[in-house]
Amino acid sequence: MGRQWLLAKREVTIAARHGGADPATNSRLAAALEKARKESVPKDAIERAIAKGAGTGGDKTSLEHITFEGYAPHKVPVMVETFTDNTNRTTPEIRVLFKKGQLGASGSNKFLFDNVGLVEAHTAQSGTDLEEAAIEAGANEVEPLTHEQNDDIPAGAIGARFITDRANTHGVSKWLSENGWTVVTSELGFVPKQCPDLSEDQRSEVGAFLQALDDHDDVHRVWAAVK
């Protein structure tokens, strides 16, 4: 039972909490279930995770969503999303990680990001026009996505990241799923409005800091203004 196994199981719980227990109407849950199966999470563990998130199971432990705002080295804005059953543990631990990163002043930086819907998917259909797919799906923007950027995208497949209005996330996921795409991520997230120019050495320092954050057990997503 590795970290990826646990993260996949927790994502099922979080997805059910935010969108309900039916993957037909909860695209985030549908994507989370695919990832959980890929990580070989047993069926009974998946069912318990869904019940926990939907509040229908015997486990009444609640996960609290906390977002931390701050800066990586070289004043790179960072948003850190956590889910925890013990805020008294998580909050000081995340603050220690920020201090170890030798950051500039911490504080509100949410205005430096757009809070949007993000759908990542892939297709085996050769010659797929990403811009056309984005228009048909109802997304606002689309970016190519490779296996190196997201290992859920098979090598050689056509991958893409669709950016949409928050309220349209499920609609974009549903259209893609019905038109030959496999959705691997469907969630709300943060896209930086600007990314500072960094040297290779600076990028390496920022990367090490972001990895330290991502390695924390309660950290769910790390969003940073890095190209």
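Scanning region 21-78 for residues that are within 23 Å of residue 4 (Cβ to Cβ) and of a type in the set (Val, Ile, Thr) yields 41, 46, 50, 61, 66, 67, 78.
The residue that is farthest from the chain's Cα centre (by Cα), among those in region 14-57 that are more than 22 Å from residue 151 (Cβ to Cβ) and touching a residue at least 60 places away in the same chain (Cβ under 8 Å), is 25.
Yes or no, residue by residue, for (1) under 23 Å from residue 108 (Cβ atoms); (2) buried (at least 20 other Cβ atoms within 10 Å of the Cβ):
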{"position": "186", "(1), (2)": "no, yes"}
{"position": "192", "(1), (2)": "yes, no"}
{"position": "199", "(1), (2)": "no, no"}
{"position": "202", "(1), (2)": "no, no"}
{"position": "207", "(1), (2)": "no, no"}
{"position": "220", "(1), (2)": "yes, yes"}
{"position": "225", "(1), (2)": "yes, yes"}
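Looking at region 39-62, can you tell me whether even one residue there is closer than 30 Å to residue 108 by Cα and among the acidic types (Asp, Glu)? No, region 39-62 contains no residue that is closer than 30 Å to residue 108 by Cα and among the acidic types (Asp, Glu). Are any of the residues in region 120-128 closer than 23 Å to residue 29 by Cβ, modelled with pLDDT of 95 or more and of a type in the set (A, V, I, L, M, F, W, C)? For region 120-128, residues closer than 23 Å to residue 29 by Cβ, modelled with pLDDT of 95 or more and of a type in the set (A, V, I, L, M, F, W, C): present.
Checking the condition in the same structural domain as residue 75 (by TED's automatic domain parsing), under 29 Å from residue 209 (Cα atoms) and more than 19 Å from the chain's Cα centre (by Cα), which residue from 155, 134 passes?
Every option except 155 fails the conditions.
Apart from one condition, residue 116 fits all of (1) of a type in the set (Val, Ile, Thr); (2) assigned to a loop (DSSP other than H, G, I, E, B); (3) under 16 Å from the mean Cα position of the chain (by Cα); the exception is (2).
When region 209-227 is filtered for residues that are among the aromatic types (Phe, Trp, Tyr) and over 14 Å from the mean Cα position of the chain (by Cα), only 209 remains.
Look at residue 202 and say whether it is under 17 Å from the mean Cα position of the chain (by Cα) and among the polar types (S, T, N, Q).
Numbers: under 17 Å from the mean Cα position of the chain (by Cα): no; among the polar types (S, T, N, Q): yes.
So residue 202 does not fit the description; no.
Of all the numbered requirements in (1) in a strand (DSSP E or B); (2) exposed (fewer than 12 other Cβ atoms within 10 Å of the Cβ), residue 126 misses one, and that requirement is (1).
Can you list the strands (runs of 3 or more DSSP E) lying wholly within region 153-227 that have 3 or more residues being at pLDDT below 95? So that I can check it myself, show each step before the final result.
On the way: elements: 158-164, 182-192, 219-224.
In region 153-227, 182-192, 219-224 are the strands (runs of 3 or more DSSP E) which contain 3 or more residues that are at pLDDT below 95.
Assess whether residue 133 counts as being closer than 21 Å to residue 9 by Cα and at pLDDT 95 or above.
Spelling it out, it is not the case that residue 133 is closer than 21 Å to residue 9 by Cα and at pLDDT 95 or above.
The values are calculated or read from the model by the stated rules, or taken from the named source; none is laboratory data. As the structure is a prediction and not an experimental result, all values here were calculated from the model. Don't worry about glycine lacking a Cβ; one is built from the backbone with ideal geometry, like all the others, and counts go over all protein chains shown.
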